[in-house]
Amino acid sequence: MKLVERFDEFCEKKCCGNVQWKTVVSVLSAMVSGMSHAVAGAFAVLVIGAGITEFQILFLVSICISFTMVIVLRIQDESLLVTDARTNILLFINGILLFVGDTSYVYAVVWAPLGNVTTIINAVMPIMTALSACIAIKEAWKPVDAVCTLINVTGIILITCPTFIFRASDEICPSECSPEDLRTDSPSMKYELIAYGLAFLCAACYSLSPVSVRAIKTDVNVSLIVLYQGAISTILDFFLMYIVDKPQWKMNAETGGLLFGVIMFDLFELWLCFYSLQSEEAATVVLLSNVEVVMAYILSFFLLRRGVTILEIIGAVLVIFSTAVVGVSACCDSKPKDEEEDETTFLSESFP
């Protein structure tokens, strides 16, 4: 029996009270997925500083992930192709959505402040994912998730301090923005508006991706989902890499090590996210993975030696609190099937 199947069976059998271990593992996987994305982003910033282009990084990450998943699937003696037409379509859609989302993000952070782009993406994703899941796959938006979404979004806004909300504060909005930049007809403002449009597009793609994965049958190997996404991104990023800019293939050992960090943590992010989506609802997984915002600002504190404001501390507390509540709620909602059957039998026998 394959390793993943053994692990799933173990998680289904082992319970702690009314909580299934598989739910606990899925919740933790979603959180670690978000943190892995933040770490991969930090490594990517350092690699870009060494002269490697964004699309070159995306191409190298995608092709390495694809080869890794091929090896994993061969070891598991799994097929590299899916025969079901519906599953193939959903896997293709998921790959395209993530590619468009990554491409939109690359240009959005070039033309607009990073804090603004992060606010739009991470604040829109939980809401759009929940609404999309309700419409497309009939997943209910639980009241606790809805309340935690508001708390989560508030925390993200306080951490990132977007200039379109805190523009009046000189401490938060740097004086490098000239009056000319604030005019709606200025070139810089036009590019910034385009960047915000791309940020919303990125958020839409990142929101629809987990919904498409949730629509895939749960018996599809997680590594196969990652392989399809990596293969699609590899092909498309290869062309963009040469169209947008000339790639730089010469790199020293330090840059190679940083690039290896990007690849590994991106692989962790994708695999853990898709694994979590096989058992948890899309809105829940997105909320849990939003802890990446806190992780990203912790890394920026240590790597960039930037100061921390009281607003960022309050925002981090709100994000962590909402994440913890969602995680505990998901664990409490899980219940072993045999336990439910025992309760049903007991009630039917006691009250015929």
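Brief remarks on what is shown
- Counting every alpha-carbon pair across region 68-172, the share separated by more than 22 Å comes to 55%.
- Share of carbon and sulfur in the accessible heavy-atom surface of region 218-303 [1.4 Å probe, %]: 70
- Summed over the residues of region 48-104 and divided among them, the accessible surface reaches 48 Å² per residue at a probe radius of 1.4 Å.
- Residues Ile75 and Trp249, FRET efficiency given R0 of 25 Å [Cβ-Cβ distance, rounded to 0.05]: 0.25
- With protein chains left intact and a 1.4 Å probe, residues in region 232-275 average 58 Å² of accessible area per residue.
The values are calculated or read from the model by the stated rules, or taken from the named source; none is laboratory data. This one's a predicted model, so the numbers in the text were calculated from it and none came from an experiment. Methodologically, a virtual Cβ is constructed for each residue, glycine included, from the backbone with ideal geometry; neighbour enumeration extends over all protein chains shown. Just so you know, the surface numbers come from the protein's heavy atoms only, side chains and all, with ligands and any DNA or RNA stripped out. Shrake-Rupley method; radii C 1.70, N 1.55, O 1.52, S 1.80 Å.
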